[in-house]
Amino acid sequence: MILAISGVVALLLVVDLVRDRAAQDAHYIGAGVLQLAVLAQLVAGCVALGRTDRDVEGTVFVSYLVTVAVVPVVGAFFSLAERSRVGTTILLLAVATVAGLETRLWDIWTARG
């Protein structure tokens with residue numbers, strides 16, 4: 001679900017990046033929705049880690065969960081500080097980072113990496 005939200009927000013950002021526009025309110029709303037989903041994942045991931053008998057590196061898994069929760073906030077902060085096309089790019093990089101960290105989280109959870 002987080003990958004889907006990231007994809008939609010990234011698509012909106014790419015469209016406005018091509019149109020040479022600064023990040024709009026809709027982008028920040030999308031980043032907020034992404035942030036809520038990531039925070040829910042943080043809680044659910046910690047609970048699942050406590051209940052699982054899988055061979056999961058707990059410290060690494062939780063550190064990735066926390067990092068994923070911080071990235072959208074930091075990206076939005078820096079994007080708001082730079083209200084130009086660069087700010088749109090910064091927000092896009094934050095959303096892409098969330099998607100990349102999500103795939104790594106999946107690898108850690110399934111003990112493939």
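Mind telling me which of the residues A94, A76 ends up being closer than 20 Å to L11 by Cα, surrounded by 18 or more Cβ atoms within 10 Å (Cβ to Cβ) and touching a Gly at 6+ places or on another chain (Cβ under 7 Å)?
Just a single option satisfies the conditions, and that option is A94.
Which residue, of V8, V14, V18, is exposed (fewer than 12 other Cβ atoms within 10 Å of the Cβ) and either of a type in the set (V, I, T) or closer than 14 Å to L93 by Cβ (or both)?
V18
Can R85 be described as at pLDDT below 90 and under 17 Å from V15 (Cβ atoms)?
So R85 passes the test.
Checking R104 against (1) of a type in the set (D, E, K, R); (2) touching a residue at least 12 places away in the same chain (Cβ under 8 Å); (3) out of contact with any Phe, Trp or Tyr (no Cβ under 8 Å at 6 or more places or on another chain): exactly one of these is not met. Which one?
(3)
I2 versus (1) crowded, with 19+ Cβ neighbours inside 10 Å; (2) under 30 Å from A111 (Cβ atoms); (3) not charged (D, E, K, R): which is the lone unmet condition?
(1)
What tally of residues in region 97-113 results from selecting those that are among the aromatic types (F, W, Y) and either surrounded by 14 or more Cβ atoms within 10 Å (Cβ to Cβ) or modelled with pLDDT of 95 or more (or both)?
From region 97-113, those among the aromatic types (F, W, Y) are 106, 109; that's our starting set.
Imposing the further condition that a residue be either surrounded by 14 or more Cβ atoms within 10 Å (Cβ to Cβ) or modelled with pLDDT of 95 or more (or both) reduces the set to 109.
Qualifying residue count for the region: 1.
Is there a residue in region 42-51 that is under 20 Å from A94 (Cβ atoms) and surrounded by 13 or more Cβ atoms within 10 Å (Cβ to Cβ)?
Yes: one or more hits.
As an exercise: evaluate A81 against (1) surrounded by fewer than 16 Cβ atoms within 10 Å (Cβ to Cβ); (2) touching a Leu at 6+ places or on another chain (Cβ under 8 Å) and give the number of the one condition it does not meet.
Of (1) surrounded by fewer than 16 Cβ atoms within 10 Å (Cβ to Cβ); (2) touching a Leu at 6+ places or on another chain (Cβ under 8 Å), only one is false for A81: (2).
For region 33-42, does any single residue satisfy the condition of being closer than 23 Å to E82 by Cβ and small (G, A, S)?
For region 33-42, residues closer than 23 Å to E82 by Cβ and small (G, A, S): absent.
The values are calculated or read from the model by the stated rules, or taken from the named source; none is laboratory data. For clarity, every value in this text was computed on a predicted model and none was experimentally measured. Here Cβ is always computed from backbone atoms with ideal geometry, including for glycine, and neighbour counts include all displayed protein chains.
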